[in-house]
Amino acid sequence: MSARYPRIFRVRQTFERPLVADAAGTVQAELTRIGVARRVHPGQTVAITAGSRGITNIAVILKATVDFFRAAGAQPFIVAAMGRHGGGTPEGQRAILTNYGVTQEFCGCPVRTSMETVVLDRTAEGIPVHFGRDALGADHVVVVGRVKPHTELFGDHQSGLMKMLLIGLGKHEGAKIYHRAFVDYSFDQIVRSVGRRVIEKGRILAGLGIVENAYDETGLIRAVLPQELEAQDKELLALAGKWLPRLPFNHADLLLVDEIGKEISGCGMDTNVIGRKRYEHWTEEHEFPKVKKIAIRSLTEQTHGNATGLGKSEFCLTRVVEAMDKRVTYINVATACYPQVAMIPPHYDTDRELLDVALATVGLVEPPQVKLLWIRNTLRVEEVECGEAFLSLARERSDLEILTEPRELEFDAQGMLPGTSRVEG
């Protein structure tokens with residue numbers, strides 16, 4: 001076996017770790033700080049957005065927002081704001097929210113997942129501004145969302161509060177037209193053009209921006225007033241980029257990924273972590289890390305068969321393809337005008353078969369010397385399995401702790417590696 005595969009050792013990375021210890025208390029304090037309760041009259045309704053991303057503490061954050069406005073005498077409710085995800089259906093989007101714990105029982109208010117939209121206005125480019133009918137029926141709207149670098153988009157606004165104004169509150173109809181617009185115009189131009197119209201005409205009361213740290217924890221929660229939303233979205237994005245997790249090395253021959261899913265990243269795996277933000281199978285000259293080949297081992301349960309991002313890899317296990325819900329995945333990528341990220345790579349029944357092929361495709365290096373990195377997913381890279389070829393580099397790094405001595409890859413009788421890259425015990 002040692003002649004066929006690289007031996008591996010495990011490292012622990014050290015990242016900057018800002019942390020919100022009390023998410024619910026911070027939500028209440030932030031909303032109090034910006035004084036929004038004074039703008040809400042008793043009996044008025046407040047629509048609070050809930051997206052499809054797997055945001056740490058999201059159910060707690062939404063419940064705290066609901067509790068704040070109820071204490072102010074309002075009648076809050078939650079609206080699904082997730083574009084085309086969940087197959088673009090009310091049932092699919094409710095299932096996503098339920099999976100995150102965002103339910104009427106937990107949050108103490110109705111959860112509405114209608115896909116109907118109303119056209120509020122048109123932008124200077126002639127683009128219709130879609131807005132969810134359920135949110136439009138409220139006296140006020142509070143936009144809640146995570147701010148972080150997008151997997152394909154560039155600019156001052158990527159995944160965040162401004163994007164939630166159009167892709168989220170625009171529902172499936174809005175997402176379709178806006179993604180088509182991104183083909184002809186920059187994302188920054190469209191997000192500003194549509195977002196400003198929504199702020200002006202959509203009764204936006206406040207935004208609640210969430211930034212996570214490299215350990216998939218809540219690092220910051222900030223409430224913003226509508227007139228501050230655009231500037232604060234940009235500022236929070238800069239923080240999010242600073243706090244992103246990273247692979248431990250800038251060059252690798254093969255990256256083995258245990259799982260991808262929509263709750264991990266919009267593209268299944270975060271291209272800000274693995275590279276390939278603009279292109280599917282290679283990196284730009286100044287983009288890091290540079291990974292020659294990527295192999296995917298499974299889909300998460302929470303992705304509900306959505307295999308968006310599979311096309312970013314060169315190999316996968318057959319069980320990934322079998323778990324793929326083609327309808328949901330194809331709706332997602334077609335709406336995004338990005339069908340290539342759903343393309344199915346060569347797939348193999350076992351990890352042994354997959355590695356035998358993949359290790360032979362990375363160049364002249366022999367398999368035992370291949371620079372292999374093995375991660376659970378792109379949200380969890382604080383601990384990484386590394387091929388022995390990285391050992392001398394790891395010993396020189398003060399930010400890396402070597403946790404194990406080099407050891408052989410261990411396959412079971414069926415030719416499979418352990419279920420995840422974690423070392424048990």
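The values are calculated or read from the model by the stated rules, or taken from the named source; none is laboratory data. On a predicted model such as this, the values are computed, not experimentally measured, just so you know. Cβ placement follows ideal geometry from the backbone for every residue including glycine, while neighbour counts extend to all protein chains displayed.
Just one of (1) more than 22 Å from Asp253 (Cβ to Cβ); (2) touching a strand residue (DSSP E or B) at 6+ places or on another chain (Cβ under 6 Å); (3) at pLDDT below 95 fails for Ala323. It is (3).
Screening segment 357-422 for strands (runs of 3 or more DSSP E) wholly inside it with 3 or more residues that are hydrophobic (A, V, I, L, M, F, W, C) returns the ranges 372-375. When you look at Thr49, is it closer than 30 Å to Arg380 by Cβ, assigned by TED's automatic domain parsing to the domain that holds Gly137 and modelled with pLDDT under 95, yes or no? It is false that Thr49 is closer than 30 Å to Arg380 by Cβ, assigned by TED's automatic domain parsing to the domain that holds Gly137 and modelled with pLDDT under 95. Checking each residue in segment 321-350 for being crowded, with 19+ Cβ neighbours inside 10 Å and in contact with a Pro (Cβ under 9 Å, 6 or more places away or on another chain) picks out only Val333. When Val257 is tested against the conditions (1) surrounded by 24 or more Cβ atoms within 10 Å (Cβ to Cβ); (2) touching a helix residue (DSSP H, G or I) at 6+ places or on another chain (Cβ under 7 Å); (3) in contact (Cβ under 8 Å) with a residue 60 or more places away in the chain, the lone failure is (2).
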